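The values are calculated or read from the model by the stated rules, or taken from the named source; none is laboratory data. If you're wondering where the values come from, they're calculated on a predicted model, not measured in any experiment. Backbone-built Cβ (ideal geometry, glycine too); neighbour counts: all protein chains shown.
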Ligand code: CMC
């Protein structure tokens with residue numbers, strides 16, 4: 001049918017220029033690339049520039065990630081993300097105490113977890129348990145600012161317990177409770193293994209938690225903010241975030257890195273393996289590339305170094321050496337840098353952590369950022385509802401079902 005002045009495609013929509021899509025020029029930003037979708041005072045990513053050799057930078061509320069990774073603890077960062085500044089000594093003591101006292105899961109939730117299929121992935125378990133915790137939260141139905149802060153605190157305290165409880169239950173072991181005085185990193189390793197971690201293991205995990213705690217409008221945080229912006233509750237918003245983190249293009253990439261290293265097997269097989277992979281159309285090497293960083297990912301350098309140090313201590317640098325080689329090949333072939341997931345994989349591996357807990361450890365850290373963003377969204381809310389560029393047919397008329405079947409049969413015959 002020829003276009004007329006009354007065709008829907010000619011009608012202005014949402015203030016956009018009339019008929020842009022109809023004229024064959026797309027105005028949509030695929031994957032929302034380069035779109036500023038809101039404001040935040042929590043975190044900023046400076047992408048850097050690979051041509052000019054400018055490294056990427058990451059700040060949490062104005063503090064450089066380098067400064068925080070070298071000097072801070074995860075609990076200081078949690079306070080920083082939730083509030084405007086680093087804590088004083090008494091504020092830090094308070095946040096540590098509150099986290100320590102709120103780690104336990106309700107017994108009903110543990111009973112339920114005992115009935116989960118033993119082969120359920122830890123990320124699927126986190127998603128289900130976070131949602132369930134909303135039913136048992138003492139302030140579940142209260143949506144005051146104070147109640148939401150309390151929920152943020154409880155969820156951040158409970159996240160390590162969800163992961164470690166599931167890991168023990170699936171092995172047929174009883175969950176272990178952390179000691180209230182333990183830091184998040186220490187409590188996680190203690191509840192997982194049933195013994196006090198070494199200082200090196202605790203500090204390595206602590207730094208990894210600092211590095212993963214927030215990353216502006218990454219996919220999972222954005223999912224959390226979209227849910228929160230409908231004025232849905234904190235547990236629903238975090239459940240949305242966990243769902244987004246599961247995907248291999250986001251949090252799931254670190255597990256993919258270890259699977260790749262295991263598949264390659266030996267250092268001399270790295271080059272042919274990667275070159276062969278890159279030949280595939282749309283091939284992705286896990287742990288490389290980033291939507292925002294064009295220069296280096298500032299988090300990767302810490303994880304690279306931690307991975308090397310752990311490998312040296314254990315006199316096993318195989319995965320580190322292979323990883324360095326992959327990094328060199330990816331730069332040579334694609335000028336793409338490693339991201340946070342690449343060396344977190346060999347770091348966690350060297351700590352003896354089970355591979356399918358790598359992404360859950362991301363969640364143990366990122367819960368601090370998710371909840372900070374949800375609180376920020378609630379504090380100055382407007383529902384998030386963008387437009388879509390319509391790519392379907394513009395005008396069709398209803399066809400009675402008998403005629404549709406007849407047309408389908410005629411189509412089959414021809
Ligand atoms: N391996 C090979 N080529 C890649 C990779 C990769 N990992 N990442 C990007 N490229 C290439 C891609 O082929 C494209 O090249 P060309 O222009 O020649 O077609 C170019 O780089 C741009 O890629 P893109 O897909 O347009 O980038 P994007 O911004 O849409 O996607 C990404 C970003 C992170 C999803 C993607 O880089 C990727 O799939 N990486 C692997 C998964 C991964 O490591 N994810 C963790 C991300 S960081 C932590 C987190 O957020 O969880």
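From the list 282, 265, which residue is over 21 Å from residue 155 (Cα atoms), within 11 Å of the ligand (Cβ to nearest atom) and over 16 Å from the mean Cα position of the chain (by Cα)?
Details: 265 fails: within 11 Å of the ligand (Cβ to nearest atom).
Every option except 282 fails the conditions.
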Could you pull out the residue among 156, 221, 165, 184 that is within 16 Å of the ligand (Cβ to nearest atom), at pLDDT 95 or above and surrounded by 24 or more Cβ atoms within 10 Å (Cβ to Cβ)?
221
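Within 15 Å of the ligand (Cβ to nearest atom), surrounded by fewer than 17 Cβ atoms within 10 Å (Cβ to Cβ) and within 28 Å of residue 164 (Cβ to Cβ): is that true of residue 248 in this structure? Even if it seems obvious, please write down each step before you answer.
Working: within 15 Å of the ligand (Cβ to nearest atom): yes; surrounded by fewer than 17 Cβ atoms within 10 Å (Cβ to Cβ): yes; within 28 Å of residue 164 (Cβ to Cβ): yes.
When the stated conditions are applied, residue 248 passes them.
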Pick from the stretch 190-200 the residues that are touching a helix residue (DSSP H, G or I) at 6+ places or on another chain (Cβ under 6 Å) and in a helix (DSSP H, G or I): which of them is surrounded by the most Cβ atoms within 10 Å (Cβ to Cβ)?
191
Within the stretch 37-75, considering residues that are more than 19 Å from the chain's Cα centre (by Cα) and more than 30 Å from residue 94 (Cβ to Cβ), the one surrounded by the most Cβ atoms within 10 Å (Cβ to Cβ)
48
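Within the stretch 242-300, work out how many residues are in a helix (DSSP H, G or I) and touching a strand residue (DSSP E or B) at 6+ places or on another chain (Cβ under 6 Å).
As a first pass, look at the stretch 242-300 and keep what is in a helix (DSSP H, G or I): 242-245, 253-264, 267-279, 298-300.
Then drop every residue that is not touching a strand residue (DSSP E or B) at 6+ places or on another chain (Cβ under 6 Å), which leaves 298, 300.
Qualifying residue count, the stretch 242-300: 2.
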Hey, any hits in the stretch 344-355 for a residue that's within 16 Å of the ligand (Cβ to nearest atom) and not in a helix (DSSP H, G or I)?
no
With the condition kept exactly as written, say whether any residue in the stretch 169-178 is buried (at least 21 other Cβ atoms within 10 Å of the Cβ), in contact with a helix residue (DSSP H, G or I) (Cβ under 9 Å, 6 or more places away or on another chain) and under 30 Å from residue 308 (Cβ atoms).
yes
Of these, 381, 339, which one is touching a residue at least 40 places away in the same chain (Cβ under 8 Å) and within 16 Å of the ligand (Cβ to nearest atom)?
339
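Tell me yes or no: at least one residue of the stretch 304-318 is within 14 Å of the ligand (Cβ to nearest atom) and either at pLDDT below 95 or closer than 27 Å to residue 212 by Cα (or both). Spell out how you get there, then give the answer.
Just the residues of the stretch 304-318 that are within 14 Å of the ligand (Cβ to nearest atom), to begin with: none.
So far as the stretch 304-318 goes, no, none of its residues is within 14 Å of the ligand (Cβ to nearest atom) and either at pLDDT below 95 or closer than 27 Å to residue 212 by Cα (or both).
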